[in-house]
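Please treat every number below as a calculation from the coordinates, not as lab data. Only a predicted model underlies this, so the values are computations on that prediction, with no experimental measurement involved. For neighbour counting, all protein chains shown are included, and Cβ atoms are generated from backbone atoms with ideal geometry for every residue, glycine included.
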Amino acid sequence: MESEDFDCVVVGAGIQGSFTAYHLAKNNKRTLLLEQFVLPHSRGSSHGQTRIIRKAYDQDFYTHMMEESYQLWSQLEKEAGVQLYRRTGMLLMGPEMGEEFLLYKNTMERNGIPTVTLDPAEFSAHIPHVNRCPGHAAIVDTTAGVLYADRALRTAQEVFQRLGGVIRDGEKVIDIKPGTPVTVTTASRIYRAKSLVITAGPWANILLSHTNLHLPLQVLKINVCYWRERTPGMYSVGKRFPCFLQMGSEEHHIYGLPANEYPGLMKICYHVGSETDPDERDRQTDRGDIAILSRYISRQFPGLVPVPAVVESCMYTVTPDHHFVLDCHPSHRNIVIGAGFSGHGFKFGPVVGKVLCELALGRMPSYDLSPFKIQRFPSHSKAAL
């Protein structure tokens, strides 16, 4: 079988893998980006037209990373001459004295994130056609907005290729042999590399099984729902309607983006789904989340028809604490893992790619990665012997 040598192989061409490859190429490393599906595809977690970008978080370490992520997104825009982000602000709503809402509020204040607090008298003037829950407070992260996801993914891959990087799609990895070099086998070729980065989303544990490592990752199918405006333009990005994050009205967050990719349809989703096998995703037909969203929209968004006009699918790969995995394999330091982005990782793509690149090159990472270490999962911290 034909074989090739690289400085680094990255498996998984979603947003995290694509940016890892981009940073490696910027460091003049001969880099291969492998993808099991033919690109572009909608089988994983990085497809779709939009994502929210925000600095509002409940943990300082995420807010700090987002500072640089914004800069790196802007850098990619300049390199490619393409708009990837539109500022809309993000409305954060939740019980005024609720623990989670206060965590977000305090983190934003502590880190000097530009915000606007809307008292009940001001709310309707600034946020028309939304009914605020009684006892809920409202803060706007004015730096937030919409990321054009498909365009962003394509742009990162195009710049990577312009830098000399190689993309091979439609090549599924069937074996990994740790060592120096590490050997990656697909159905058509064998690749050898000084280091390997695994950013395979829902398929992470399938690949890691070749290295005797299993992480506590749960794969969820998410129903991505779009809701029709009763009057076109009521919630549109053109009318400067913000993204929003609602906490405290249901067990999990509800989030939304202004009508944009589908004219007249607003994207509102429930931040959880039902467990699924990534290769059998479309057999998962649970729509309990859609019933929750319909009730919420009936109460809070009188300008939307509370029956989804379009339902698409995406997958989250979730860790028990909803924090990422950014670490080296516990037994093989030249195998680097980026996994478990838990439905909130896309916006971090540029900075996660930078950190995974640093790990792959054996450099000191730019951030304290202790929240993202494999060893925080005690029963999974050691490779099986």
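Between MET1 and ASN28, the contour length at 0.36 nm per residue exceeds the Cα-Cα span by 7.0 nm. Extension gain, VAL116 to GLU77: 0.36 nm times the residue separation minus the Cα-Cα distance gives 11.3 nm. Cross-link pairs exceeding 31 Å in C-alpha to C-alpha distance, out of LYS267/LYS373; LYS55/LYS172; LYS105/LYS373; LYS105/LYS347; LYS29/LYS78, comprise LYS267/LYS373; LYS55/LYS172. Principal-axis analysis of the Cα atoms of the chain puts helix 60-80 at an angle of about 80° to the longest axis.
If you sort the three axes of the alpha carbon gyration tensor as a ≥ b ≥ c, you get a/c of 1.5 or more for segment 135-219 and a/b no higher than b/c, which makes it oblate. In the chain, the longest principal axis of the Cα atoms and the axis of helix 288-300 are about 30 degrees apart. Adding -39500 (n - 2.57) for every DSSP H run of four residues or longer, then dividing by how many residues the chain holds, sets the calculated 222 nm ellipticity at -7500 deg cm²/dmol. Label separation (ASP175 vs ILE290): 4.4 nm, computed from points 7 Å beyond Cα along the C-beta direction. The angle separating the long axis of helix 99-110 from the principal Cα axis of greatest extent in the chain is about 80 degrees. In whole percents, the pair-distance distribution calculated for segment 179-223 from its alpha-carbon pairs, binned every 10 Å from zero, is 22, 49, 22, 7, 0.
Looking only at TYR226, TYR235, TYR104, which one moves most when the chain is put into a Gaussian network model with springs between Cα atoms under 10 Å? The residue with the greatest mean-square fluctuation here is TYR104. Rounded to the nearest 20, the Cβ-based charge dipole of the chain about its Cα centre (Lys and Arg +1, Asp and Glu -1) stands at 620 debye. When the Cα gyration tensor is reduced to axis lengths a ≥ b ≥ c, the ratio a/c is 1.5 or higher for segment 161-200, and with a/b not above b/c it is classed as oblate.
Here the chain carries DSSP beta bridges of which approximately 70% are antiparallel, counting only pairs with both residues inside. Sorting 296-306, 106-116, 23-33, 190-200 by their mean Cβ neighbour count within 10 Å, with the most densely packed peptide first, gives 190-200, 23-33, 296-306, 106-116.
For the chain, modelled as a GNM whose springs connect Cα atoms under 10 angstrom apart, the maximal fluctuation among ALA204, ALA80, ALA138 occurs at ALA80. Comparing ASP141, ASP119, ASP327 in a Gaussian network model of the chain (Cα springs below 10 Å), the most mobile by mean-square fluctuation is ASP119.
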